[in-house]
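Worksheet for the structure shown next.
The values are calculated or read from the model by the stated rules, or taken from the named source; none is laboratory data. For clarity, every value in this text was computed on a predicted model and none was experimentally measured. Virtual Cβ from ideal backbone geometry, glycine too; neighbours counted across all protein chains shown.
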Amino acid sequence: MTSPVVFLFLSQMFGIGFLAPIFFFLFYIFTPAYKLTTPSLYRPGAAPCMALLPTVVLGYYVTHFPSFFHSSLEARNWWNWIWQLFPIWGSIIMLVLSKIIPQPKKQIPRKWKQEPNAIRLTIGVISIISTITWWYTILNMDSSVFEVFIPQHFLKTPQEPILGLRTVIQFDYICCYSAGFLWLAYHFKDLENVGVCSISWIRAGCASVVLGCLLGPGTMFPLIWLLREELLVATQPDVKKSEN
């Protein structure tokens, strides 16, 4: 839990596009395939999974949306400063809720189902909010999608400060998501190598492009991650027994 918090906090100062590739690289290196398919190393526990959704809502959304939609510019700036510390707020909320929510002492199949169900609910809510945000952005932006998401300045420094800031954010966006999707691709390749799944990479690539255009990259990433989790859950022996 400590490492993601540190990376998220530092990304507010140095840019997530710079730190996300480092984080995903280290995450992949220190999470080999055998750890993903070993139940004792893989399961986070019911309490942290159930605490995840309220943590995201209270630690991220509650402070983030007022920074965009509050009627006062001064208030929007204050809310944005508060949101910048979401790694700290989120960690505190996650820690408190994980301690408050009762953790079953024995991982019986019925209790084990609480973990994937809580994760599915969390990803579902996040995906809905992300998709609504994506289409709100598409329908209300004044420029084209290409101009909004693709940097227009590579070697030449923009003269206007607002263009410079937008270019930095665009590079952050591209580098962060590129690293994240590459991380997912490597994990799926590992799962394929250990026999968990079989992937047609051409189909997967085409489906990802279509999904990204319809729902937005911010929705596509957690949905693909959830698919990975579902494949891992399906490999658990006690889950298979409970279904028989």
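In region 24-72, the residue that is nearest to Tyr186 (Cα to Cα) out of those that are modelled with pLDDT of 85 or more and outside any helix (DSSP H, G or I) is Phe65. Which of the residues belonging to region 142-182 are of a type in the set (S, T, N, Q) and either in a loop (DSSP other than H, G, I, E, B) or more than 21 Å from Cys206 (Cβ to Cβ) (or both)? Passing the criteria: Ser143, Ser144, Gln152, Thr157, Gln159, Thr167, Gln170. Among the residues in region 143-154, are any within 30 Å of Ala234 (Cβ to Cβ) and within 21 Å of the chain's Cα centre (by Cα)? No, region 143-154 contains no residue that is within 30 Å of Ala234 (Cβ to Cβ) and within 21 Å of the chain's Cα centre (by Cα). Taking the conditions exactly as written (modelled with pLDDT under 90 and under 30 Å from Ile174 (Cα atoms)), does Met94 satisfy them or not? Answer is no for this residue. In this structure, does Val239 turn out to be at pLDDT below 90, assigned to a helix (DSSP H, G or I) and surrounded by 15 or more Cβ atoms within 10 Å (Cβ to Cβ)? Against the criterion (at pLDDT below 90, assigned to a helix (DSSP H, G or I) and surrounded by 15 or more Cβ atoms within 10 Å (Cβ to Cβ)), Val239 qualifies. Can you spot a residue in region 110-132 that is outside any helix (DSSP H, G or I), in contact with a helix residue (DSSP H, G or I) (Cβ under 9 Å, 6 or more places away or on another chain), without any contact (Cβ under 8 Å) to a residue 40 or more places away in the chain and surrounded by 13 or more Cβ atoms within 10 Å (Cβ to Cβ)? No, that holds for no residue. Could you please give the count of residues in region 147-161 that are among the aliphatic types (A, V, I, L, M) and either touching an Asp or Glu at 6+ places or on another chain (Cβ under 7 Å) or at pLDDT 80 or above (or both)? Result for region 147-161: 2.
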